[in-house]
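Below you'll find the structure, written out as structure tokens, and then a few comments.
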Amino acid sequence: MLKSSALLTSIVLSTTGVLGHVPQPVSQLSPETPIAQTQSNSNSYSPLAQRINIPPPEEVSYELYSNSRYHFSVLYPNNILVPLPPPTNNDGREFISPNESIEMVAFGAHNSLDQTLEGMYNEALNAENLDVTYQRLEENWFIVSGYQGDTVVYTKVIFDERENVTDILTLDIRYDKALQPEFDRVVAEISNSFTSYQ
């Protein structure tokens, strides 16, 4: 799990392949975010999901996190994830489940290295040990999703351009593969809500 804002920023500013994944889309809640394909019956919760008390989709409660420094917001499931204390530089926020089997981080960074969206997208696709199962590149954002071992990794990056300044907004979600039947739909809701604002 990412534990410091300095490390969070390094994900954007370096060429490491932390950026994410969600396996094979079966259907879509919106044109933007796929639902991961799973082999499990979605009506029967996994033992891990039962241990961390993931509620049915209609009972998931969402709370809005807004970042005033980088002007972005995202919903997080407040009856599944708990926010960690904010970093001193206010670049984002990290959220974890009680047993740390789900980790979510949303943060911003100035594009001080003049990176391109396409360049970051290609780096994400070639991340070390990432088996990419879904990818999508649009005009000002991309999604890369896949597996790193038994972990599902899902990353969405937005290039937010305003007043001749570009900020890079990143949403990174990681969770145990066993949680896919219960948590993929929650990931779609989170991703669809991740946006910049004026």
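Every number in this text was worked out from the coordinates using simple rules, so none of it is lab data. The structure displayed is predicted, hence computed values, not measured ones.
General observations
- Gyration tensor (alpha-carbon) shape descriptor, the range 130-198, a/c threshold 1.5: prolate
- Computed lengthening from ASN164 to ASN79, 0.36 nm per intervening residue step minus Cα-Cα distance: 26.7 nm
- Working from Cα pairs under 8 Å separated by at least six residues, relative contact order for the range 141-186 is 32 percent.
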